[in-house]
1. If the Cβ limit is 9 Å and pairs must be 6+ apart or interchain, which residue in the stretch 96-117 that is on the phi > 0 side of the Ramachandran plot and assigned by TED's automatic domain parsing to the domain that holds Thr66 pairs with which residue that is outside any helix (DSSP H, G or I) and β-branched (Val, Ile, Thr)?
2. Those residues that are over 12 Å from Val53 (Cβ atoms) and loosely packed, with under 12 Cβ neighbours inside 10 Å, I need them from the stretch 73-87; list them, please.
3. Pairs, please: C-beta under 6 Å, at least 6 apart or cross-chain, first residue more than 25 Å from Cys52 (Cβ to Cβ) and assigned to a helix (DSSP H, G or I) and in the stretch 16-37, second among the hydroxyl-bearing types (Ser, Thr, Tyr) and at pLDDT 75 or above?
4. Would you check if Arg70 is surrounded by 12 or more Cβ atoms within 10 Å (Cβ to Cβ) and more than 30 Å from Ile25 (Cα to Cα)?
5. For residues in the stretch 1-26 being exposed (fewer than 12 other Cβ atoms within 10 Å of the Cβ) and of a type outside the set (Val, Ile, Thr), which is nearest to the chain's Cα centre (by Cα)?
6. Looking only at the stretch 87-139, count every residue that is among the aromatic types (Phe, Trp, Tyr) and not in a helix (DSSP H, G or I) and tell me the total.
Amino acid sequence: MKKIFSLFFTVFAIAFLIALAISAIIAVALGAESLPLAELRNGFVLALFIACVQLIWVGSDKSNKTYIIRTIVHFIVLITGCTLLMIWFGWLPPSEWIVLYYTGFIGAYIVIWLVCWNINRKKWKDMNRRLEEFKRKNQ
């Protein structure tokens, strides 16, 4: 339970900070005097959604098959949910920028996924090594 809470809080905090940074950059670029409170609320809701969706990963390190299935489900839920929230918030970019938005989203997802996959691969390799040592000692 502690691991689940830690995952949820970490993802929430990072997503909220990223949403705040993007909102601040947009506000500065557009010459806004201050960041509207509604934008802070929207960033909070988006971060909360992303953190909840991240819980799909809990228990995904049992096998490669579950990891791949959870990756597909996670990606579909995340991109659909984020798109719907961004439409609701009025954040979705104009049509001429939509391809760039999705390209960036998918690119960022792939980079983050590869980092997580590499971390998990090392963890799985270490667990298999320890299991082999345990089997050798107990034979």
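The values are calculated or read from the model by the stated rules, or taken from the named source; none is laboratory data. The structure presented is a predicted model; accordingly, all values stated were derived computationally and were not measured. So basically every Cβ, Gly included, is an ideal-geometry build from the backbone, and we count neighbours across all protein chains shown.
1. Partner pairs satisfying both residue conditions: none exist.
2. Across the stretch 73-87, the qualifying residue is only Ile87.
3. Listed pairs, sorted by first residue: none to list.
4. yes
5. Once the filter is applied, the top-ranked residue is Phe9.
6. Here the count works out to 1.
To keep it simple, each residue is scored yes or no on (1) among the small types (Gly, Ala, Ser); (2) over 14 Å from the mean Cα position of the chain (by Cα); (3) surrounded by 11 or more Cβ atoms within 10 Å (Cβ to Cβ).
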site: Trp97; (1), (2), (3): no, yes, yes
site: Tyr102; (1), (2), (3): no, yes, yes
site: Ile106; (1), (2), (3): no, no, yes
site: Arg121; (1), (2), (3): no, yes, yes
site: Trp124; (1), (2), (3): no, yes, yes
site: Leu131; (1), (2), (3): no, yes, no
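Let's see how each residue does on (1) in contact (Cβ under 8 Å) with a residue 24 or more places away in the chain; (2) assigned by TED's automatic domain parsing to the domain that holds Leu20; (3) within 30 Å of Leu40 (Cβ to Cβ):
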{"site": "Leu55", "(1), (2), (3)": "yes, yes, yes"}
{"site": "Thr66", "(1), (2), (3)": "no, yes, no"}
{"site": "Gly81", "(1), (2), (3)": "yes, yes, yes"}
{"site": "Trp88", "(1), (2), (3)": "no, yes, yes"}
{"site": "Asp126", "(1), (2), (3)": "no, no, no"}
